[in-house]
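A.B. asks: The structure's right below; bear with me while I get my questions together.
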Amino acid sequence: MIFRVFCVGELMVPVVVVVALGLIASAAHADFRQTSADATIAFEGPSAKATRQYLYSRGTPVEVVVQIEGWFKVRDAQGALAWVEKKALTDRTNVQIKTATADALAAPEAASPIVFRAENGVLLTLVTPQPPNTGAWAQVRHRDGQVGFVRVDALFGL
């Protein structure tokens with residue numbers, strides 16, 4: 001690794017630190033989308049001729065990592081990377097449970113009663129849009145209609 005140091009007045013600022021700070025800032029604002037088709041094919045490369053790797057169901061949240069001419073490289077809740085066509089994704093309204101189980105509570109407080117419990121992989125709809133870094137809880141709706149608050153650290157897609 002090559003380190004370059006630039007002098008700014010009397011301060012010496014390593015470029016690596018500036019780049020690292022930029023990466024940290026961009027990670028705080030991840031671009032999450034969700035699949036829009038009943039079945040979205042994920043490929044090994046940015047081409048429909050590439051090897052098919054995964055099949056995602058409608059509403060599956062993914063994190064956009066790279067964008068190239070009509071294709072997104074995405075990361076799913078399990079950490080797998082694959083390419084999907086840009087037209088196969090839409091704005092995110094769903095999140096996915098990433099822990100073994102997660103309790104949805106009646107209020108955003110740990111002592112609040114449990115409304116429902118969801119297992120790993122369950123898709124939930126955000127009741128209200130969740131801006132980045134807005135707290136430890138997200139209000140979600142289960143497909144059966146139950147609404148509760150789930151800790152953000154148990155969710156993928158925020």
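The values are calculated or read from the model by the stated rules, or taken from the named source; none is laboratory data. Note that this is a predicted model, so its numbers are computed, not measured. Backbone-built Cβ (ideal geometry, glycine too); neighbour counts: all protein chains shown. Heavy atoms of the whole protein, side chains included, go into the accessibility calculation; ligands, DNA and RNA do not. Shrake-Rupley method; radii C 1.70, N 1.55, O 1.52, S 1.80 Å.
A.B. asks: In a shell of Cβ-Cβ distance under 14 Å around residue 142, excluding residue 142 itself, what net charge do Lys and Arg (+1) and Asp and Glu (-1) give?
C.D. replies: That works out to 0.
A.B. asks: Would you list which lysines come within 22 Å of residue 98, measuring only between C-alpha atoms, while excluding same-chain residues fewer than 8 positions from it?
C.D. replies: Reachable lysines: 73.
A.B. asks: What is the sum of charges around residue 117, taking Lys and Arg as +1, Asp and Glu as -1, for the other residues whose C-beta is under 14 Å from the C-beta of residue 117?
C.D. replies: On the way: positive: 151; negative: 103, 119, 144.
Taking every other residue near residue 117 into account, the sum is -2.
A.B. asks: May I have the pair-distance distribution P(r) for region 24-93, computed from all Cα-Cα distances with 10 Å bins from 0 and rounded to whole percent?
C.D. replies: Pair shares across the bins are 23, 58, 17, 2.
A.B. asks: Further question: On the accessible surface of region 31-115, probed at 1.4 Å, how many percent belong to carbon and sulfur atoms?
C.D. replies: Working: 2240 of 4650 Å².
With neighbouring chains kept in place, the figure for region 31-115 is 48 percent.
A.B. asks: Here's another thing I want to ask about it. Out of every Cα-Cα pair in region 61-158, what percent are more than 22 Å apart?
C.D. replies: Across region 61-158, Cα pairs with separations above 22 Å total 31 percent.
A.B. asks: State in Å² the accessible area per residue of region 29-158; use a 1.4 Å probe, count heavy atoms of protein chains only, and round to the nearest integer.
C.D. replies: 56 Å²
A.B. asks: Using Cα pairs under 8 angstrom and six or more residues apart, how large is the relative contact order of region 26-158, in percent?
C.D. replies: 22 percent
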